[in-house]
Amino acid sequence: MSLIKSISGIRGTIGGKVNDNLTPLDVVKFASAFGTWLQNNKNKKDLTLIIGRDARISGQMVSSLVTATLQGLGINVVDLGLSTTPTVEIMVPELKADGGIILTASHNPKQWNALKLLNDKGEFISGENGAEVLALAENEDFNYAEVDDLGKYETRDDAFDIHIQQILDLPMVDAEAIKAKNFKVVLDAVNSTGGIAIPMLLNKLGCETIKLYCEPTGHFPHNPEPLKEHLGDICDLVKKENADLGIVVDPDVDRLALIDEKGEMFGEEYTLVAVADYLLKHKKGAAISNLSSSRALRDIAQNHDSEYFASAVGEVNVVTLMKEQNAVIGGEGNGGIIYPDLHYGRDSLVGVALFLTHLAKENKTVSELRAGYPSYFMGKKKIELTPEINVDEILSKMEKEYENEEVSTVDGVKIDFENNWVHLRKSNTEPIIRIYTEAKSQEEADQLGDAIIAKIKSLI
């Protein structure tokens with residue numbers, strides 16, 4: 001499936017056939033749908049949209065198509081050029097714009113690109129709104145502006161400065177404490193825009209930065225998802241340089257992974273855990289992640305007499321629950337930090353600033369910090385089903401089977417046992433059930449996954 005239309009936007013591979021891949025016609029159609037949707041829902045004539053892109057090879061082309069389409073609808077465009085997802089999110093309310101489009105396929109390989117859609121708060125549009133945009137695209141129900149009413153176009157080159165200053169102004173970011181430590185940091189930005197933004201931030205925090213893959217060429221030197229198996233180069237370089245830590249971001253800089261001073265992964269799940277530990281120590285309140293994220297966050301929240309809540313998977317769902325619970329901190333176990341005092345979006349820059357503040361104040365090495373957190377291991381498996389099997393029925397049977405345990409049906413079925421958990425989710429794209437497990441050892445997590453697969457098969 002090379003073109004995926006979802007409520008959060010449209011993504012696909014560049015080239016190929018219309019409606020099969022992300023072609024110029026698909027970009028124009030979807031930009032037209034979003035622009036039209038905004039016009040239908042705003043009681044004002046003069047609309048402005050912010051756009052920004054990661055460093056993908058196709059980025060300039062896609063950006064030109066989106067810009068021209070929006071102008072063709074009579075919408076003004078402020079183009080941030082090379083940017084990050086959180087920077088675009090921050091600039092929408094900063095410039096009092098009516099929405100935004102981020103041109104990025106996040107951690108997908110270089111042949112992919114996407115349009116991610118923001119409302120006037122700089123947050124991802126809701127599922128309901130996304131469905132309305134998709135319906136407009138399907139019907140091609142567009143009305144373009146006449147020649148005297150075309151939208152205006154301008155560029156801004158100060159967005160990173162504004163974003164970074166807002167971070168430095170946060171009371172919980174202690175730049176002086178970080179500067180006093182003279183941290184030596186290795187950064188892998190996978191040749192995208194993190195290679196511009198993160199060094200600017202680290203410079204302001206008095207860190208020495210050693211850059212690895214920081215040229216924003218869009219030629220990703222390894223798989224851009226920040227997982228252990230893709231990060232051998234930075235792990236080696238951290239050790240070679242005797243650095244204090246390594247920082248890894250994905251192409252659009254909304255996921256943050258850390259490497260300790262020994263060249264070992266801190267664990268993507270533990271980025272959020274460490275930041276939450278720091279924040280909840282100073283302000284009690286709720287911590288939020290999704291149902292497939294580590295139990296370690298719940299443990300840390302309880303240590304600080306705070307509450308923990310889990311949302312359905314997906315950033316929009318996490319943000320919705322964060323607002324309901326007035327959360328201090330939230331995010332996803334993939335290294336996504338959402339700090340509401342700045343904005344409701346995953347943001348690696350604020351994650352870096354908060355983590356380094358925590359590290360400086362704790363006066364520990366990164367590995368010592370990690371050793372102080374509860375240790376969990378995750379397993380990810382799937383079970384393939386024949387199309388005639390009713391997945392909902394299987395999940396319902398599993399819920400009944402484990403009714404004496406703590407069970408959540410917010411998103412699939414999650415079963416919390418005393419020392420481990422399993423989360424079963426139906427795939428939206430193929431006839432499979434995804435099975436996530438977490439336990440105190442990798443062996444136990446994998447065994448639990450196998451046991452659950454056996455149980456499902458016995459119920460079919």
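Structure notes:
- Relative to one another, the C-alpha centroids of segment 370-393 and segment 1-55 are positioned 32 Å apart.
- Straight-distance candidates among the lysines for linking to residue 42, with alpha-carbon spacing under 23 Å and chain neighbours fewer than 8 residues away dropped: 29, 96, 116, 121, 152.
- Nearest-0.05 FRET efficiency for residue 152 and residue 442, computed from C-beta distance (R0 60 Å): 0.60
- Listed by chain and number, the lysines placed with their C-alpha closer than 18 angstrom to that of residue 284 are 323; residues fewer than eight positions away on the same chain are left out.
- Fraction of alpha-carbon pairs over 22 Å apart in segment 90-236 - percent: 59
- From most to least packed by mean Cβ count within 10 Å, the peptides 147-159, 362-374 give 362-374, 147-159.
- Calculated Rg and Dmax of segment 275-317 using C-alpha coordinates, Å: 10.1, 28
- For segment 333-342, Karplus couplings with θ = phi - 60° (6.51, -1.76, 1.60), whole Hz, Gly/Pro x: x, 8, x, x, 9, 10, 10, x, 5, 9
- Here the translational diffusion coefficient of segment 238-307 follows from Stokes-Einstein with Rh set to the Kirkwood radius across Cα pairs; for 20 °C and 1.002 mPa s it amounts to 161 µm²/s.
- Taking N as the residue count of segment 290-338, its C-alpha radius of gyration divided by 2.2 N^0.38 Å amounts to 1.03.
- Segment 175-213 and segment 59-97: distance between their alpha carbon centers, rounded to Å: 26
- Computed log10 I(q)/I(0) for segment 110-158 at 0.17, 0.22, 0.25 Å⁻¹: -0.91, -1.10, -1.06, from the Debye equation with unit scatterers placed on every C-alpha and solvent omitted.
- Packing-based ranking, highest mean first, of 114-122, 251-259, 59-67, 193-201 given that Cβ atoms within 10 Å are counted: 251-259, 193-201, 114-122, 59-67
- In terms of overall dimensions, segment 14-85 has a Cα radius of gyration and Dmax of 12.7, 38 angstrom.
- Pairs of lysine residues in segment 381-460 - Cα separation under 16 Å, sequence separation of 8 or more or cross-chain: 18
- The Rg/Rh ratio of segment 327-431, with both radii computed over alpha carbons and Rh defined as the Kirkwood radius, is 1.09.
- Taking N as the residue count of segment 307-383, its C-alpha radius of gyration divided by 2.2 N^0.38 Å amounts to 1.26.
- Cα Rg over Rh - the chain, Kirkwood: 0.97
- A straight chain from residue 128 to residue 43 at 0.36 nm per residue would run longer than the Cα-Cα distance by 28.7 nm.
- Considering segment 350-409, its Cα convex hull presents a mean projected area of 7.7 nm².
- Shape summary: segment 180-325 maps onto an equivalent ellipsoid whose semi-axes, from the alpha-carbon gyration tensor, are 29, 18, 14 Å in decreasing order.
The numbers here are math on the coordinates, done by the rules we state, and not lab data. What you are looking at is a predicted structure, and each value in this text was computed from that prediction instead of being measured. Positions of Cβ are backbone-derived with ideal geometry, glycine not excepted, and every protein chain shown enters the neighbour counts.
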